[in-house]
Amino acid sequence: MKLDNRLNAMTVDVEDYFQVSAFEGVIDRKDWDSISLRVGDNTHRLLDLFAENDVKATFFTLGWVAKRCPDVIKRLVNEGHELASHGLAHKRATTMSREQLFSDVAESKAILEDISGVKVIGYRAPSFSVNDTNTWVYEVLKEQGFVYSSSTYPIEHDLYGVPEWPRFKYDRPEGIVEIPIPTLRKNNANTGIGGGGYFRLYPYRLSKKRIQRFMNEEPHPYNFYFHPWEIDPEQPAIKSAPLRSKFRHYVNLSRMEGKVVKLLNDYKWGTMKEAYGISQA
């Protein structure tokens, strides 16, 4: 029996373990092609889990990954999931000029649409890298035919965060719908509850308590995000990474799949388009 009857959004940021922002200082992009991919098998495993639990999800996918794992893209579309863009090669939007971002997003969108045969209308910036310094990102997305973005996390964080921005789905003046990552409000501050490292770190009963509080207090859908590498405890260790980055990346990897299965069973899940009523442009 589900703990809440509303439809929420299950999302996956499709990138491999060596592409995360936490490792960008120790793994050069020019070396990516020489590293054995694990993202394909891990994403197929997630698709198996979703099928077993009758869940549809939105996959924010790197163009770089899609080009090398077209079977994953075709399978997720054929099984009724939503395909969306995560950019080309996990470059944060805050590190690119407008022209560079336009090229990055355009190439990613073209790769995804060519492989899948479907129109891509959703975008998530790597590491939630949209903030007050680059709101022109939304103009670029509008120019390229996107309808919605999920690129902001309204919390204080050392790597990202826009704590003063809206907490719930809203219409941007540029013509894009923005859907932030969920937060709880307490003592005039926001706390992240959207998934990822927070979800791996805490016991499932605590994460469920926080998610349930959101649902009890807010009339809005909840959206959850995680990555294929988070269910892969056998992935190679990046020993040269900073200690904080290693902790964030490796904590509780062996427990993640079991926690995700519990989450799939406890709540109702669909795509971003379904949960938030996003219509195809």
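A few points about this structure:
- ALA9 assigned to a strand (DSSP E or B) and either open to solvent by 10 Å² or more (accessible area, probe 1.4 Å) or of a type in the set (A, V, I, L, M) (or both): yes
- Residue-level analysis places GLY87 among those that are in contact with a Pro (Cβ under 9 Å, 6 or more places away or on another chain), closer than 26 Å to ILE193 by Cβ and assigned to a loop (DSSP other than H, G, I, E, B).
Every residue, every condition in (1) assigned to a helix (DSSP H, G or I); (2) out of contact with any helix residue (DSSP H, G or I) (no Cβ under 9 Å at 6 or more places or on another chain), yes or no:
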position: GLY197; (1), (2): yes, no
position: ARG205; (1), (2): yes, yes
position: ILE211; (1), (2): yes, no
position: PRO219; (1), (2): no, yes
position: TRP229; (1), (2): yes, no
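- Checking each residue in the range 154-208 for being of a type in the set (Gly, Ala, Ser) and surrounded by fewer than 16 Cβ atoms within 10 Å (Cβ to Cβ) picks out GLY175, ALA189.
- Candidate set from the range 234-281 (those that are open to solvent by less than 30 Å² (accessible area, probe 1.4 Å), farther than 24 Å from ASP48 by Cα and in a loop (DSSP other than H, G, I, E, B)); member that is modelled with the highest pLDDT: ILE278
- Candidates in the range 123-153 are the residues that are β-branched (Val, Ile, Thr) and in a loop (DSSP other than H, G, I, E, B); of these, the one that is surrounded by the most Cβ atoms within 10 Å (Cβ to Cβ) is VAL130.
- Pairs with Cβ under 6 Å, 6+ apart, first in the range 252-281 and in contact (Cβ under 8 Å) with a residue 60 or more places away in the chain, second open to solvent by less than 40 Å² (accessible area, probe 1.4 Å) and part of a helix (DSSP H, G or I): GLU257/ILE231; LYS259/TYR204
Residues checked against (1) more than 19 Å from the chain's Cα centre (by Cα); (2) β-branched (Val, Ile, Thr):
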site	(1), (2)
ILE115	yes, yes
VAL118	yes, yes
PRO126	no, no
SER129	no, no
ASP132	yes, no
PHE146	no, no
SER151	no, no
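- Residue list for the range 21-37, restricted to those being at pLDDT below 95 and either of a type in the set (Ser, Thr, Tyr) or under 28 Å from LYS262 (Cβ atoms) (or both): SER21, ALA22
- Residue in the range 70-86 that is of a type outside the set (Phe, Trp, Tyr), without any contact (Cβ under 8 Å) to a residue 12 or more places away in the chain and buried (at least 17 other Cβ atoms within 10 Å of the Cβ) present: no
The values are calculated or read from the model by the stated rules, or taken from the named source; none is laboratory data. Just so you know, these numbers come straight off a predicted model, no measurement behind them. Here the Cβ is made from the backbone with ideal geometry for all residues, glycine too, and neighbour counts use every protein chain on show. Note: accessible area is taken over every heavy atom of the protein model, side chains too, but ligands, DNA and RNA are not part of it. Shrake-Rupley method; radii C 1.70, N 1.55, O 1.52, S 1.80 Å.
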